[in-house]
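J.: Pasting a structure here, questions to come.
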Amino acid sequence: MKPHQQTILTPVSCSGVGVHSGKTVNLTIKPAPVNQGIRFVRTDLPGHPGVTAHFNNVVDTSLATVIGAEGCIVSTVEHLMAGFVGMSIDNATVEVDAYELPIMDGSAGPFTQLIKSAGTQPQEGPKCYFKVTKTISLSENGKSVTIHPADEFRLTCSIVYDHPLIGTQTCDFTIDSLTFEKEICSARTFGFLEEVELMKRYGLARGGSLDNAVVIDGDQVLNEGGLRYPDEFVRHKALDCLGDFSLIGMPIMGHVVTSKSGHAFNHAFLEKFFDDKESWNTCTLTCESV
Ligand SMILES: [Zn+2]
């Protein structure tokens, strides 16, 4: 955990395909001032409107996390957002020239390398945390998210699939940059072949391919080279969870435990968490209240 805020040192760019549009998207990450947070700017729209990555601005969570404000919609922000949390970047401006971020390889690995290549710039402002003071939980239809008080940011995720390749998987990490880079950032999104074909029939997942997702057909992984981790599926859930939880606007000091959760349920939990002002306070690393 860092006492001060950080941004990146120099602008960096990448290009890739949008998973649903199938179109090429150019993305540039630029340094940003203290207390800005992560802001997305649409350079393809007149006047270059922007939207801050905050859960109040989430407009859709059905297929990916979509944020929007004042005529600016940006879709599929969760993997890049996880990259910012994982690499402890608090402030950055992300310029994109389409509504959808590039999917890259379906993980946060390429974004993490991009952020690393930009270098980090410590900033004057202290970093503020949501310090969890009381356990808070949301459960519904077998899904649950809980946060317990802790002096670090720890994440435990479980998934249960009635499928021989996945079954029940659990991962448990204390999040820091090294652990994120080594254990989480390269885990790819996954899907079943029949679902991908169905989405394509409805004009979705046009850019989806074996280059940007683990695809399962029957009891086989279709990707050459197989899985990157034996439990890559649950590690990707952890990655999505980091991206979703980053939308609360400040890092969390607490132990997050999720079971069978996804973008929509994580978002519902964040709203409950934010409203329950008795279960957290905001403080700096030296525990000065802010
Ligand atoms: Zn994902």
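The values are calculated or read from the model by the stated rules, or taken from the named source; none is laboratory data. Values in this document were obtained by computation on a predicted structure and should not be read as measured data. Because the Cβ atoms are built from the backbone with ideal geometry, glycine has one as well, and the counts that use them run over all protein chains shown. All accessible areas refer to the heavy atoms of the entire protein, side chains included, with ligands and DNA or RNA removed. Shrake-Rupley method; radii C 1.70, N 1.55, O 1.52, S 1.80 Å.
J.: Do any strands (runs of 3 or more DSSP E) entirely within region 177-290 hold 2 or more residues that are polar (S, T, N, Q) and surrounded by 16 or more Cβ atoms within 10 Å (Cβ to Cβ), and if so, which?
T.: The strands (runs of 3 or more DSSP E) meeting that bar are 252-259.
J.: Okay, next question. Read through the list (1) open to solvent by less than 40 Å² (accessible area, probe 1.4 Å); (2) within 16 Å of the ligand (Cβ to nearest atom); (3) not in a loop (DSSP other than H, G, I, E, B), then give the number of the only condition that S107 fails.
T.: Every condition holds for S107 apart from (3).
J.: Of all the residues that make up region 124-141, how many are in a loop (DSSP other than H, G, I, E, B) and under 18 Å from M1 (Cβ atoms)? Outline the logic, then answer.
T.: Here is the first cut: in region 124-141, the ones in a loop (DSSP other than H, G, I, E, B) are 127, 133-135, 141.
Filter once more, so that each one left must be under 18 Å from M1 (Cβ atoms): 127, 133.
Going through region 124-141 one residue at a time, the tally reaches 2.
J.: Hey, C241 hits all of (1) in contact with a Ser or Thr (Cβ under 7 Å, 6 or more places away or on another chain); (2) under 10 Å from I147 (Cβ atoms) but one; which does it fall short on?
T.: So the condition that C241 fails would be (2).
J.: For L285, state whether it is more than 16 Å from the ligand (Cβ to nearest atom) and under 15 Å from the mean Cα position of the chain (by Cα). Steps first, please.
T.: Details: more than 16 Å from the ligand (Cβ to nearest atom): yes; under 15 Å from the mean Cα position of the chain (by Cα): no.
Criteria not met by L285.
J.: In region 119-144, how many residues are in contact with a Lys or Arg (Cβ under 9 Å, 6 or more places away or on another chain), hydrophobic (A, V, I, L, M, F, W, C) and open to solvent by less than 20 Å² (accessible area, probe 1.4 Å)?
T.: 1
J.: Are there any pairs with C-beta distances below 8 angstrom linking a residue in region 232-246 that is near the ligand (Cβ under 7 Å from one of its atoms) to a residue that is basic (K, R), with the two at least 6 apart or on different chains, and if so which?
T.: Partner pairs satisfying both residue conditions: H236/R188.
J.: Against the definition (away from the ligand (no atom under 16 Å from the Cβ) and under 26 Å from T146 (Cα atoms)), how does E181 come out, yes or no?
T.: Answer is yes for this residue.
J.: Let me ask you something else. Can you pull out the residues in region 44-82 that are open to solvent by 50 Å² or more (accessible area, probe 1.4 Å) and either within 16 Å of Y99 (Cβ to Cβ) or within 16 Å of the ligand (Cβ to nearest atom) (or both)?
T.: D44, P46, G47, H48, V59, D60, S62, L63, E70, G71, I73
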